[in-house]
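Have a look at the structure below, then the notes.
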Amino acid sequence: MASTNNGSTFDLATAHFNPDTVAIVTGSAEGLGKAFAEVMLQKGVKGVCLADINESKGKETLEEFKKFGEEKVIFVKCNVTSESDIEAAFTETKTKFGTVNLLVNNAGVQNEQNWRLCVDVNVKGTLSGTYTALKHMSLSEGGDGGTIINISSLAGLIPIPYMPTYAATKHAVIGLSKSIMAHPTTKASGITIGVLCPSFVDTAMIHEDNVILRTESDRALAKGIQQQAGILQVSEVTDAFLTLLLDKSWAGKIMKISKLGGMQDQPIM
Ligand SMILES: NC(=O)c1ccc[n+]([C@@H]2O[C@H](COP(=O)([O-])OP(=O)(O)OC[C@H]3O[C@@H](n4cnc5c(N)ncnc54)[C@H](O)[C@@H]3O)[C@@H](O)[C@H]2O)c1
């Protein structure tokens with residue numbers, strides 16, 4: 001379906017990736033990361049590295065994605081809190097496909113009790129991925145340039161009373177992305193950074209058993225807010241993700257996607 005942003009017209013149905021695109025997607029064994037990897041393969045990328053801490057699920061997804069061609073997908077066990085794991089994902093991807101020109105920093109957790117883990121994965125993991133990508137992809141470092149997509153959340157833009165840690169980490173993802181985007185060397189390095197901020201999405205993360213809050217009484221608050229906001233289907237978020245990547249008028253922007261508002265541009269200033 002054709003959509004417009006800033007007056008330009010974009011047709012997602014016919015849009016395709018440059019066939020030289022090689023992507024690393026963190027947290028892609030399941031959930032949104034897996035779906036992002038799948039739609040990129042459907043839309044013609046050269047190769048995808050599934051980088052996830054969950055080896056068994058990651059290998060299952062690798063097997064499933066062989067339907068796109070045995071040579072198009074690799075799995076690398078990667079804990080994004082480990083800089084050496086992220087470095088290894090880049091090295092293995094470059095060895096297999098010759099380059100990396102797209103990084104999706106998608107791995108994330110929600111945990112208000114083990115809030116240090118939430119900060120480590122969501123903030124340190126995203127910073128670490130972004131810096132590693134700048135090192136490998138920058139034209140000045142011999143890379144091919146490319147795109148970094150950081151997955152934040154609507155929780156990165158508004159208060160979420162029952163999830164202060166998660167909201168803080170997702171605000172941080174926006175702050176770090178905006179700041180690195182604004183640095184003059186980033187553009188000169190041929191790197192564009194985009195940010196995707198989905199509202200609630202139907203993945204394991206929001207299933208009641210997996211939502212870890214500080215008090216049981218916060219559950220009622222969570223339920224009320226979720227009911228008000230509605231729950232996006234994964235396909236609605238993959239459409240937004242592809243639009244952010246393939247519609248040139250969205251390059252380097254912060255996109256909100258919600259049940260109530262659809263795709264919306266979040267001004268950087
Ligand atoms: N589901 C939602 O409602 C929602 C809304 C907005 C934003 N997000 C964000 O989208 C991203 C994906 O979320 P999801 O809903 O698919 O979650 P999910 O729990 O379904 O999947 C998360 C994936 O990340 C992996 N992972 C966890 N810790 C990791 C680590 N340390 N290193 C590498 N991989 C790790 C998991 O193994 C899993 O494969 C997250 O950043 C999340 O914060 C989700």
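Just so you know, all these numbers are worked out from the coordinates, no wet-lab data involved. For clarity, every value in this text was computed on a predicted model and none was experimentally measured. Note that each Cβ is placed from the backbone with ideal geometry, even for glycine, and that neighbours are counted across all protein chains shown.
Output the relative contact order of the chain, whole-number percent, from Cα pairs under 8 angstrom with separation of 6+ residues.
Once normalised by length, the contact order is 16 percent.
What is the stretch 126-238's relative contact order, in percent, from Cα pairs under 8 angstrom and six or more apart in sequence?
Computed value for the stretch 126-238: 28 percent relative contact order.
Just to confirm the number: angle between the C-alpha axis of helix 55-65 and the first principal axis of the chain, 0 to 90 degrees, nearest 10?
Relative to the chain, helix 55-65 is tipped by roughly 60 degrees.
What's the exposure ranking of THR126, THR215, going from fewest to most Cβ atoms within 10 Å?
THR215, THR126
I need CYS78, CYS118 ordered by Cβ neighbour count within 10 Å, fewest first.
Listed from fewest to most nearby Cβ atoms, that is CYS118, CYS78.
Any chance you could run the full-extension gain for LYS187 through ILE231? It's 0.36 nm times the residue separation minus the Cα-Cα distance, nm to one decimal.
12.3 nm
With label points built 7 Å along Cα→Cβ from the Cα atoms of LYS67 and ASP218, find their separation and express it in nm.
Going from the LYS67 label point to the ASP218 one covers 3.8 nm.
What is the angle, in °, between the Cα long axis of helix 164-182 and the longest principal axis of the Cα atoms in the chain? Nearest 10 is fine, range 0 to 90.
30
Give the separation of the Cα centroids, the stretch 205-253 to the stretch 163-202, in Å.
16
List, in order, the whole-Hz ³J(HN,Hα) value for each residue of the stretch 33-42 obtained from phi through the Karplus relation with A = 6.51, B = -1.76, C = 1.60 and θ = phi - 60°; use x for Gly and Pro.
In residue order, the calculated couplings are x, 4, 5, 4, 4, 5, 5, 5, 5, 5 Hz.
Working from Cα positions, state the angle (0 to 90°, nearest 10) between the long axis of helix 218-229 and the longest principal axis of the chain.
60
Between GLU208 and GLN264, what is the FRET efficiency for a Förster distance of 35 Å, r being their Cβ-Cβ separation, to the nearest 0.05?
That pair, GLU208 with GLN264, gives E of 0.80.
With each pseudo-label sitting 7 Å past Cα toward Cβ, what's the SER82-LYS96 distance in nm, one decimal?
With each label point 7 Å from Cα toward Cβ, the separation is 1.7 nm.
Based on the Cβ-Cβ distance of HIS16 and LEU139, what FRET efficiency does E = 1/(1 + (r/R0)^6) give at R0 = 25 Å, to the nearest 0.05?
Result of the calculation: an efficiency of 0.55.
Could you give me the ³J(HN,Hα) list for the stretch 191-201, computed from phi with Karplus coefficients 6.51, -1.76, 1.60 and θ = phi - 60°, whole Hz, x at Gly and Pro?
In residue order, the calculated couplings are 10, 10, 10, x, 10, 10, 10, x, 6, 4, 10 Hz.
Beta carbons within 10 angstrom, averaged per residue: use that to sort the peptides 133-145, 239-251, highest first.
Most protected by this proxy first, the peptides run 239-251, 133-145.
If I build a Gaussian network model for the chain, linking alpha-carbon pairs within less than 10 angstrom, which residue out of ILE231, ILE24, ILE149 has the largest mean-square fluctuation?
ILE231
Sort ILE193, ILE268 so that the residue with the fewest other Cβ atoms within 10 Å of its own Cβ comes first and the one with the most comes last.
Going from sparsest to densest Cβ surroundings: ILE268, ILE193.
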